[in-house]
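S.K.: Structure incoming, see below.
The numbers here are math on the coordinates, done by the rules we state, and not lab data. What you see is a predicted model, and the numbers here were worked out from it, not measured in a lab. Because the Cβ atoms are built from the backbone with ideal geometry, glycine has one as well, and the counts that use them run over all protein chains shown.
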Amino acid sequence: MKPIAVVTGASSGIGAATARLLAQHGFHVIAVARREKRLKTLSAGNENIETLTIDVTSDTDVQKLAAHLQGKPVEILVCNAGGAFDFDTVINSDPDVWMKTYDVNVVGSVRCIKALTPLMITHGKGHLVIITSTAGQISYENGGSYVAAKHGEVALARTLRLELSGLPIRVTEIAPGMVKTDEFALTRFSGDSERAAKIYAGVEKPLTDSDVAEAVRWSVMLPEHFNIDSMTIRPVAQAAQHKVHRITQ
């Protein structure tokens, strides 16, 4: 049986691109997300992609995922489900949005890791990949809820690496900078396409979801003694979180 790679948040963007790429490289991919129709589109005609409609904020759903994988060779878990849901100052923000952001990005990852790591231990090897962000390295204005969640995911990866020491489980954090996907900025700005477009205005080549997927693929296909602790990836145009070269007309 092919080794199994579980990818959360696989209905679009980085998750979908990662699922497709790992499937191309010999893994049986379990693509996990809430949106069933998009998952069906992802897996159509691809026998290496299996889909499960799972909400990572639901304990019941995650246990259903673990039960489905019981006794199978689970080798990779890519914790990608997440997102940003506002662009407000702290004093103008909604605490419920903070809770939602933390639950999806951090606690959702914890649920999946807690459920699937024992399967990796039984199998004899595994690799936990957590997609964080450069927002987990430095704060920026109006990004408080997302920045806090991504800092939480960084702490999760570092803690896991210590706690799993001595077991054949690798832990990798991948921190993308500016990535242009169909939904991230739109979701943050509640569907306002004009505000979303301004994020990428004048940036000749932001990263794409396929670029991040390649970083995941490279990390998980290295020799088993070789662990990428943390990888920061940015477009050349982005020298730092706050410094982006933009071409003006």
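S.K.: Quick one: net charge of HIS245's neighbours, Cβ under 12 Å, K/R +1, D/E -1? Numbers along the way, then the final one.
M.R.: Details: positive: LYS205, ARG234, LYS243, ARG246; negative: GLU204.
Neighbour charge sum, excluding HIS245 itself: +3.
S.K.: Now, a different point. Give the residue from PRO168, VAL107, SER190 lying farthest towards the positive end of the charge dipole for segment 103-216; charges sit on Cβ (+1 for Lys and Arg, -1 for Asp and Glu) and the dipole is referred to the Cα centre.
M.R.: The residue sitting most towards the positive pole is PRO168.
S.K.: Once every DSSP H run of n ≥ 4 in the chain is given -39500 (n - 2.57) and the sum is divided by its residues, what mean residue ellipticity at 222 nm do you get, rounded to the nearest 500 deg cm²/dmol? Before the final figure, lay out each step's value.
M.R.: Numbers: 9 runs with 100 residues, N = 249.
Calculated from helices alone, the mean residue ellipticity at 222 nm is -12000 deg cm²/dmol.
S.K.: Considering only the chain, what is the antiparallel percent among its DSSP beta bridges, to the nearest 5?
M.R.: On the way: 2 of 31 bridges.
Among the beta bridges of the chain, antiparallel pairing accounts for roughly 5 percent.
S.K.: Same structure again: Too long at a 25 Å Cα-Cα cut-off: which of LYS198/LYS243; LYS40/LYS125; LYS125/LYS180? Show your work: numbers first, answer last.
M.R.: On the way: LYS198/LYS243 15 Å; LYS40/LYS125 29 Å; LYS125/LYS180 33 Å.
With Cα atoms farther than 25 Å apart: LYS40/LYS125; LYS125/LYS180.
S.K.: Apply the Debye scattering formula to segment 4-244, with a single equal point scatterer on each alpha-carbon and no solvent, then give log10 I(q)/I(0) at q = 0.08, 0.16 Å⁻¹.
M.R.: -0.28, -1.17
S.K.: What number comes out for the charge environment of VAL220, summing +1 per Lys or Arg and -1 per Asp or Glu over other residues with Cβ under 9 Å away?
M.R.: Numbers: positive: ARG170, ARG217; negative: GLU75.
Taking every Cβ under 9 Å from that of VAL220, the sum is +1.
S.K.: Same structure again: Would you be so kind as to identify which of ALA84, ALA149, GLY15 lies farthest towards the positive end of the dipole of the chain, taking Lys and Arg as +1 and Asp and Glu as -1 on Cβ and the Cα centre as origin?
M.R.: GLY15
S.K.: Based on Cα positions only, what radius of gyration and what Dmax would you give for segment 1-84, in angstroms?
M.R.: Spelled out, the Cα radius of gyration and Dmax of segment 1-84 are 11.6, 37 Å.
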